[in-house]
Every structure is written in C-alpha cells, then in structure tokens.
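Just below is one structure, and these are the notes that go with it.
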C-alpha cells in the first residue's frame, strides 16, 4: 500500500474512533452531589473491544445517558434501594444488565460497566457485559483516567 493511501486510511480511523471517547472534564477527585443524600459514580474503562458502542445507562427507570469509552457519570441519589441498568436498544446483540444496590446517607458508591469479547464465528463477534461494584480503593485509580459526561 502506498504512503498516501495509508495516510488517508489512518486519518479516517482516527476520525472514526475519536467520536467514541468521552470528552468532558477529566476526573479531579471524588465529590458528593450537593443536593443528594448519596452519590454513585458509573464508569467505563477505555478498551478497544466495543469502543464505538455507547450503552444506554438508566437509574431507577430514568435515562442517564450514553456511557462513552473512558467516561463516567456522577449521579446524585436519595438514600434507599436503586437499580442501575444498561438498556439494550433494538438490534443490539446484548441483553439488559442490572445491578441493584442500597445507598445510605453520605455514601459514595462506584460501578463499572465492563465489556469483553467472548469469541467469534466468522464475521460475528460475541460480547459479554456486566456491572462491577468497586470499593474506593479499586475505583479511584481507574477514575483518574476518565472524563466526566453530563446526564441527558
């Protein structure tokens, strides 16, 4: 492949992948949502697998937004029981994922949405996804690489 064609291909790859990464303010430390009783961070590590996919995140049947690669949401919640959901849109090859949790006044909780490839058959690649609850000890080093997204 000649150099000019290679440069054009690389340019389009950069353009296509740059829209798949969160572009908000870089994580600068944990802070509670002022008007809330407890705070939940929902984040997604930067991964090549599924990088262009932007899952629809919901909390208690309220849409939060699309969670981009290397992005996070900071959610203010009332104390009590909650359900965090990744909703599957029409034609998506995954299924809804849920995690139920309780938060108490002044809690700060951390949830990672994670995806990995689990195999392929020809041109079809299978993915698995899940929510993982983290402690502050495991979440904070990961969040240091993230960018905040605004809720829809």
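Quick notes on this one:
- Taken over the range 39-69, the residue count meeting the criterion of being surrounded by fewer than 21 Cβ atoms within 10 Å (Cβ to Cβ), in contact (Cβ under 8 Å) with a residue 60 or more places away in the chain and over 25 Å from residue 107 (Cβ atoms) is 6.
- Filter result for the condition that a residue is within 22 Å of residue 145 (Cβ to Cβ) and at pLDDT below 90, over 69, 2: 69
- Restricted to the range 92-109, and to residues there that are touching a residue at least 12 places away in the same chain (Cβ under 8 Å) and closer than 14 Å to residue 59 by Cβ, the residue that is surrounded by the most Cβ atoms within 10 Å (Cβ to Cβ) is 109.
- When residues in the range 5-22 are screened for being touching a strand residue (DSSP E or B) at 6+ places or on another chain (Cβ under 6 Å) and either modelled with pLDDT of 80 or more or farther than 20 Å from residue 139 by Cα (or both), 1 of them pass.
- Qualifying residue in the range 108-130 (condition: part of a loop (DSSP other than H, G, I, E, B), farther than 18 Å from residue 26 by Cα and either at pLDDT 95 or above or touching a strand residue (DSSP E or B) at 6+ places or on another chain (Cβ under 7 Å) (or both)): no
- The criterion of being at pLDDT below 85 and under 27 Å from residue 134 (Cβ atoms) holds for residue 28.
The values are calculated or read from the model by the stated rules, or taken from the named source; none is laboratory data. Here the structure is a predicted model, which means the values were calculated and not measured. Positions of Cβ are backbone-derived with ideal geometry, glycine not excepted, and every protein chain shown enters the neighbour counts.
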